[in-house]
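One structure below.
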Amino acid sequence: MAKTRQLELHLLRFLPHPLRDDFVTVGFLLTETDGGFSEVRITRDSLSNTDSEAVDVIALGSPHYSITEINRFEALRAGRDLKLPVYICLSRLVWSVLDKNGTAAQMVAAAVRFVTDTCVVVTPILPDPPGVLMTDSGKFAHYTPGNTSYGVRYGSTEECVETAVFGRLVRIEALWQ
């Protein structure tokens, strides 16, 4: 019997419903059957353009992070301080919700830097000189080297959070098996 495993892509989004005061889910789920995640690991590694173990910044939110993704980030961070700066790109709508409920202030105090209605690869936001950026976004991984001169390490959201907490590259290989 074939073993079935699922991998949620970073394209799941919660968007404001135009008529109601709530959100609707858009996106899709990638399912791989009968085999390991060897192709996923190969793709992960191909999105990294450096073997450096040093990471200077984390960039998340391309496409922009939703409330659900912010809540997931915070659950993974679990109140821990961050040793690396984390840039999270989001919309004004999401920012206003975080600002009103106090989450934004807590995250800024922990070294999160919010980037509203733009992203770190099209706006000169990242510190000089360029170093290594870690991201969970294929879009960031693709555009970062050419637009910012930063090297890229691609990883899961969990790996990005743990890297930011410990201040060094953290790989959780079990996520890729």
Review point. In the stretch 88-108, how many are out of contact with any Gly (no Cβ under 8 Å at 6 or more places or on another chain) and under 26 Å from ILE172 (Cβ atoms)?
Key: 3
Review point. In the list THR33, THR25, THR68, which residue meets the criterion of being at pLDDT below 90 and in the same structural domain as GLN106 (by TED's automatic domain parsing)?
Key: THR68
Exercise for review: Scan VAL132, VAL120 and give me the residue that is buried (at least 19 other Cβ atoms within 10 Å of the Cβ), more than 13 Å from the chain's Cα centre (by Cα) and among the aliphatic types (A, V, I, L, M).
Suggested key: VAL132
Review point. If we scan the stretch 142-158, do we find a residue that is among the small types (Gly, Ala, Ser), under 16 Å from ASP51 (Cβ atoms) and crowded, with 19+ Cβ neighbours inside 10 Å?
Key: yes
Practice item. Working only within the stretch 100-123, note down all residues that are without any contact (Cβ under 8 Å) to a residue 24 or more places away in the chain and either closer than 16 Å to SER52 by Cβ or not polar (S, T, N, Q) (or both). Key: LYS100, GLY102, ALA104, ALA105, VAL108, ALA109
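If the requirement is being closer than 18 Å to TYR154 by Cα and surrounded by fewer than 21 Cβ atoms within 10 Å (Cβ to Cβ), which of these qualifies: ALA54, ALA59?
Values: ALA59 fails: surrounded by fewer than 21 Cβ atoms within 10 Å (Cβ to Cβ).
Just a single option satisfies the conditions, and that option is ALA54.
Select, from ALA104, ALA111, the only residue that is over 19 Å from GLY155 (Cβ atoms) and surrounded by 14 or more Cβ atoms within 10 Å (Cβ to Cβ). Reasoning before the result, please.
Details: ALA111 fails: over 19 Å from GLY155 (Cβ atoms).
Just one listed residue meets the conditions, ALA104.
The values are calculated or read from the model by the stated rules, or taken from the named source; none is laboratory data. Keep in mind the model is a prediction, meaning the values are calculated, not measured. We place every Cβ from the backbone using ideal geometry, glycine too, and count neighbours over all the protein chains shown.
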